[in-house]
Each structure stands twice: as C-alpha cells, then as structure tokens.
Amino acid sequence: MRFTPRDSAFYDLLTESGQNVAAAADVIARLLDPLADKREIAAAMRELEHAGDTITHGIMRQLNQSFVTPFDREDIYLLASRLDDVVDKLDEATDFIEVTEVGTLPQAVNDQIRLVQRAAVETGEAMSRLRTLRDLEPYWIEVNRLENEADRVYRKLLSRLFSGQFEMLAMLKLREVADLLEDAADALERVAHVVETIAVKES
C-alpha cells in the first residue's frame, strides 16, 4: 500500500511529538537532583509544552488537509491528543512544584519520575516505528508494565503521606505532585493503547 507524499508528514509529526514527550520526561528527571533549579526546570518544561501544542496543531491541520491518511483519522487525532496530554501533565507537575515551593521530594516521588521517564523514552522510540508498524508489541507491553509498577509506587506513597509523618501542608503538596505524576504515567499507557489499536487494525 502506498500513500501520497503528504501523508508521510503524519509520521514525521508524530515522531516529533514522541521526541517531545521524551524530552519533557528528561526535564522533569532533573528534579532528581536535590540541588536542581526548580524555576529553570519549570521554564524549560513550559517551552516543551508550547512546542507540543504546536506539533499537535500541525497534526490537526494535516488531518484537515489530507484526503488519505496512513491510518484512521480518529486514531491519528487520538494519538496526537494522548501524546499532548503527557506533556501537559508533566508541565502541571513542574509548575506546581515551583509555584508552591515543594521541598525535597521523597524517594517514592523520585521513583515515580524515573518510571515516567522510562515509559516516555519507550514512547519516543515507538513513534519513530509507526511508519512500518514493526516491533511495537514490546513497546506497549513494557509501558503497561511500567504503569503497573508506577501504580504500586503511587499507592505506597499515599500510604506514607497519610501515616502522619508529614505536616498537613507538606502532605497536601506532595499528594498533588504524586497525583500529577500518576496521571502522566496513565497518559503514557493511554498512548500505548492507541498504538496497539492502530497496529491491530493495520495488521
């Protein structure tokens, strides 16, 4: 099956969006350094969030201009939106950490960040394989595994937050950070689900 030259733009744009997701996860991973400049990290994340919006708008314009698409329009729209959701959640997390002056992050939050980063790397690499739809199953299996691990870390963190070890204000701040990182992990899994759906339809 062949597509018109214009259709190849979808692959390039989705690959770019995946790379932006991976870059955003790398930025938030800088918070693993206790001496990290949270303001600078939040600013860098805002730039990536704006870049993601631009890429997503480009995909939507391409959808409106193309009569033939590589796969279902609805799936392209959903995949672009899901990728954008990931960066939005990471942007919310870094912005909240900066604005509310969240202090040193507990180990469990650091674990959440590492898991999100690993899933984001998998996602960025997978987007570059959409053109052939080859070797994608290990990607969605791994992202699902990472999301399950992130769920366990999240539940363990909540248990600790409500144990009385933290002052109320600190607990509320960390709860919000944990929720946003959990949302990011969920968003990455939703990306994987869309890719799986596309692969099954096109197989």
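Laboratory data are not the source of any read-out in this text; all were calculated from the coordinates shown. The shown structure was predicted, so the numbers you read here are calculated from the model rather than taken from an experiment. Virtual Cβ from ideal backbone geometry, glycine too; neighbours counted across all protein chains shown.
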Between Glu142 and Arg155, the two model label points (7 Å from Cα along the beta-carbon direction) sit apart by a distance in nm of 2.5 nm
Based on a Kirkwood Rh over C-alpha pairs, give the Stokes-Einstein translational diffusion coefficient of segment 5-90 at 25 °C and viscosity 0.890 mPa s in µm²/s.
179 µm²/s
Listed with the fewest Cβ neighbours within 10 Å leading, Ile97, Ile55 appear as Ile55, Ile97
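List nothing, just return the count: lysine pairs in the chain, 8 or more apart or interchain, with Cα separation under 19 Å. Could you put the intermediate results ahead of the total?
On the way: Lys38/Lys89; Lys38/Lys173; Lys89/Lys173; Lys156/Lys173.
Value for the chain: 4.
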Of the listed values (1) 34, 18, 12; (2) 26, 24, 14; (3) 23, 23, 14, identify the label whose number matches semi-axes √(5λ) of the Cα gyration tensor in Å calculated from this model.
(1)
Take Asp33, Asp91, Asp72 and order them by how many other Cβ atoms sit within 10 Å, fewest up front.
Asp33, Asp72, Asp91
Over the chain: helical MRE at 222 nm, DSSP H runs n ≥ 4 each giving -39500 (n - 2.57), nearest 500:
-27500 deg cm²/dmol
Are there any trypsin sites (Lys or Arg not before Pro) in segment 130-174 that are in a DSSP loop and have at most 15 other Cβ atoms within 10 Å? List them by number.
Arg131, Arg134
Compute the Cα gyration tensor for segment 68-136, then decide on rounded, prolate or oblate, letting a ≥ b ≥ c be the square roots of its eigenvalues: rounded whenever a/c is under 1.5, prolate when a/b is larger than b/c in the other cases, and oblate in all that remain.
oblate
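Rank the residues Val121, Val195 as a footprinting-exposure proxy: fewest other Cβ atoms within 10 Å of their Cβ go first.
Numbers: Val121 15, Val195 25.
Ranked by crowding around the Cβ, least crowded first: Val121, Val195.
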